[in-house]
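Have a look at the structure below before the remarks.
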Amino acid sequence: MSSHSSFAKTVAHLKFTFTPEEYLLLVEQIRQQHKMFFEPMEKKVYWLRMPTYLFARCPLCRAEYTSIADTHSLFRWVISREEYRSIFSAYFQREGCTHFTAVQSFINLNGYFPTEVSYFNGDCGDIPVVMPELLLDEFHASAVIHSLPICRVEGNEFVPRYSLYTVTYYSDAPEEARQRSYELSFPNDSNDGDPSPIPLFDSSGRIIREPVVGDMPYWVKKGKLHWLDLDDPALPLKSGPVSDFPYAGIQGFGRKYIYRKRPKPRWRWLDRHWHPDGEIRSYPLNELLARPSL
Ligand SMILES: [Zn+2]
């Protein structure tokens, strides 16, 4: 198990709004009643009780970007490269100012198998990257990175295990900045005829062909990446010196990953490596990234 050196500092910022028993009971109720999603009862018992966190401060005007986030477990996290407006819920967040351009979330499993869920799609990957296309000088654009732990219930406790990393982009012309980013990423307007949305973001896998997108200290030195100071409970915005930057050298699969449990094969020889704790594969599932030892 390997968590980044920033992990311990992020733990100090965790908030708990449930007891583990209460939370597990609620999760079970929601699981059994899929239709409850966003119904008034679920809103009252789940969404409105989630802790609210500060995720970024606008480098242009200092406005706070806050959102609820369920840091009690992985259960409700849906990570998508197309989602650029919110971290956890577009309904329960406050962007803070008109400079808010986009936000991307990465979940790093820190070497654990999330056996409390049967499936988890790490669509953005686990090592945070920046999109240079969203950091253009002409829009006075820059980004803010932040991190929080996500727990799981072990015994009767919420134990911080995984890391959420968020990269929030700001610019003085968000609509134009996003449009330019699409154009730079898809110069030939490759979406012709394809109804699926073009994602604004890349996953950590971009590091393989372009290491600079994962080189966070490089972007700090360029003045394009800021962070919230984890050593200060008020989480002020910091832009340097780079020696204080807490997120250098984050390790992980470095690509999009999928964790899944599969039913036990009927005949063991069909899959000699099957394990009840599942496995982690890259997308599209042909490469095994991690599997519990047998
Ligand atoms: Zn602003």
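The values are calculated or read from the model by the stated rules, or taken from the named source; none is laboratory data. Not measured: the values here are computed from a predicted model. Heads up, the Cβs are rebuilt from the backbone with ideal geometry, glycines too, and the neighbour counts pull from every protein chain shown.
Quick notes on this structure:
- Qualifying residue in segment 51-61 (condition: among the basic types (Lys, Arg), under 24 Å from Ala143 (Cβ atoms) and in contact (Cβ under 8 Å) with a residue 24 or more places away in the chain): yes
- Residue, farthest from the ligand (Cβ to nearest atom), within segment 82-112, restricted to residues that are polar (S, T, N, Q), in contact with a Ser or Thr (Cβ under 6 Å, 6 or more places away or on another chain) and in contact (Cβ under 8 Å) with a residue 60 or more places away in the chain: Asn110
- There is at least one residue in segment 19-33 that is in contact with a Phe, Trp or Tyr (Cβ under 7 Å, 6 or more places away or on another chain), modelled with pLDDT of 95 or more and away from the ligand (no atom under 16 Å from the Cβ).
- Restricting segment 80-99 to residues that are of a type outside the set (D, E, K, R) and crowded, with 21+ Cβ neighbours inside 10 Å, the residue that is nearest to Leu200 (Cα to Cα): Ile87
- Single condition Arg281 does not satisfy, out of (1) part of a strand (DSSP E or B); (2) touching a helix residue (DSSP H, G or I) at 6+ places or on another chain (Cβ under 6 Å): (2)
- Members of segment 1-24 that are in contact (Cβ under 8 Å) with a residue 60 or more places away in the chain and part of a loop (DSSP other than H, G, I, E, B): Met1, Ser2, Ser3, His4, Ser5, Ser6, Ala12, His13, Leu14, Phe16
- Any hit, segment 260-273, residues being among the aromatic types (Phe, Trp, Tyr) and surrounded by 15 or more Cβ atoms within 10 Å (Cβ to Cβ): no
- Subset of segment 160-193 [of a type in the set (Asp, Glu), at pLDDT 85 or above and more than 16 Å from the ligand (Cβ to nearest atom)]: Glu183
- Any hit, segment 53-67, residues being more than 16 Å from the ligand (Cβ to nearest atom), more than 18 Å from the chain's Cα centre (by Cα) and either crowded, with 17+ Cβ neighbours inside 10 Å or modelled with pLDDT of 90 or more (or both): no
- Flag for Ser118 being within 11 Å of the chain's Cα centre (by Cα), among the polar types (S, T, N, Q) and more than 16 Å from the ligand (Cβ to nearest atom): no
- Long-range neighbours under 6 Å by Cβ, at least six apart or interchain, first residue within 18 Å of Ala248 (Cα to Cα) within segment 127-142, second at pLDDT 95 or above and of a type in the set (D, E, K, R): Val129/Arg206; Ser142/Lys224
- Filter pass, Leu74 being crowded, with 17+ Cβ neighbours inside 10 Å and assigned to a helix (DSSP H, G or I): no
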